[in-house]
Each structure stands twice: as C-alpha cells, then as structure tokens.
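**Q** Below you'll find the structure I mean.
The values are calculated or read from the model by the stated rules, or taken from the named source; none is laboratory data. Just so you know, these numbers come straight off a predicted model, no measurement behind them. Here Cβ is always computed from backbone atoms with ideal geometry, including for glycine, and neighbour counts include all displayed protein chains.
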Amino acid sequence: MKSIALLLSILVCAVTSVGQKHFYLEESFKHPARIPAGVVPLLRDQVKKDCPGEPVNAGTDVKAWFSGSRISVNDSRFALILQSSKGCLNGADNIWFWVFLKTARGYRLVLTGGAISVDVLRSRTNGLRDIETNVATARTNYMNIYKFNGSAYHARRCTEATPADAKPKRVPCRTQ
C-alpha cells in the first residue's frame, strides 16, 4: 500500500513539473503556475507602458491582472508564460502574452506578442525550443515562428493566408 502511494505521488509530481507546450489563449491555462515575485516589477513596467490610464505604483497588485503557466523551452529548463484578461493589455483580434526566462540574475522578458495560440516546437535554436504563434482576423491568418538568439526570441519565419483558408505565403517578419 505504501509503495502504491509513493508511486502515485511520484506520478503527480512528474505531471505537474512538466511545462505545457500548447496554449490556446482564449482559454485558461491547463496547468496554472504561481507568478514569482521576481517577475512583478517587470509586469508593473509593462502595465505602466501599455495601460497609461491605470494608476499603477509600487503597491499595485499587478499579479492579479495576469495568469501564468510553465512553458517547456528545453528538456531541463522552463520559462513562464503569462496572459491577461485586462482590456488594455490585449488587442482587438488577439490576446497578448509574455514569456519570461529565469536567468542567474533573475527573470528576463524574452518574448511578447499578440496571438490566439502559442506552440512550443521540437526544433531548437541556441538550446531553446522555437515558438510558433498564430492569430487570425476575419480576413487573414498570420503565423510566426520565433527563434532564440541567445538572449531573446525573434520572429524568423512569418506567413500569411488571405483569405483565412488559403495556402499560407511567406512574408517579411514585422517587429512589434
């Protein structure tokens, strides 16, 4: 009986330590994660920049504006992906997300963008998995593949399909 309980606890720990690889941003994260205190100042700066009408100061609980999940960027390394339901932090056709990577000096924002879905790919660049984002308007589907350059993710392969169900065509990547 004790061995079964031990096995179950090991399985539960293994499942909860695995980071998610697919995120549909119009739904809650399947495996929510606590937002570390080290990310809060970065979030506060983001809110000040994107929501100028919101009174934000050092005492504002910006963690309440976000939900987070672990994202598998490497077999042994995780990052934190955040999304917000706060209107000023989202676009008309997409939901903004932020990916923070833990470094020796704390957390660093390595990718932000607007999307409907975010997928962690098998392919890797500079040791971290590539990330694909997808978003659609009524007329066009957009897909971007981001690659890690050693310090942040940058769009390296971008496609558009107009109308939305057409064959995607490669286009120059835009910077956000």
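**Q** Among the residues of the stretch 125-134, is there at least one that is surrounded by fewer than 16 Cβ atoms within 10 Å (Cβ to Cβ) and farther than 20 Å from residue 25 by Cα?
**A** Yes, that holds for at least one residue.
**Q** Still on this model: When the stretch 110-123 is examined, which residues are found to be in contact (Cβ under 8 Å) with a residue 40 or more places away in the chain and surrounded by fewer than 17 Cβ atoms within 10 Å (Cβ to Cβ)?
**A** Across the stretch 110-123, the qualifying residue is only 112.
**Q** Name the single residue, out of those in the stretch 72-87 being modelled with pLDDT of 90 or more and in a strand (DSSP E or B), that is nearest to residue 125 (Cα to Cα).
**A** 79
**Q** Would you say residue 42 is closer than 25 Å to residue 128 by Cα, in contact (Cβ under 8 Å) with a residue 40 or more places away in the chain, within 17 Å of the chain's Cα centre (by Cα) and surrounded by 14 or more Cβ atoms within 10 Å (Cβ to Cβ)? Lay out the reasoning, then the answer.
**A** Working: closer than 25 Å to residue 128 by Cα: yes; in contact (Cβ under 8 Å) with a residue 40 or more places away in the chain: yes; within 17 Å of the chain's Cα centre (by Cα): yes; surrounded by 14 or more Cβ atoms within 10 Å (Cβ to Cβ): yes.
Taking the combined requirement at face value, the residue satisfies it.
**Q** Additional query: Assess whether residue 63 counts as being touching a helix residue (DSSP H, G or I) at 6+ places or on another chain (Cβ under 9 Å), under 18 Å from residue 150 (Cα atoms) and outside any loop (DSSP other than H, G, I, E, B).
**A** Working: touching a helix residue (DSSP H, G or I) at 6+ places or on another chain (Cβ under 9 Å): yes; under 18 Å from residue 150 (Cα atoms): no; outside any loop (DSSP other than H, G, I, E, B): yes.
The answer is no for residue 63.
**Q** If you don't mind, there's one more thing I want to ask. Which condition from (1) modelled with pLDDT under 85; (2) of a type in the set (Val, Ile, Thr); (3) closer than 26 Å to residue 128 by Cβ is the one that residue 56 breaks?
**A** (3)
**Q** With the stretch 92-176 as the region, which strands (runs of 3 or more DSSP E) entirely inside it contain at least 1 residues that are hydrophobic (A, V, I, L, M, F, W, C) and within 23 Å of residue 78 (Cβ to Cβ)?
**A** 95-103, 106-115, 117-125, 128-136, 141-148, 153-161
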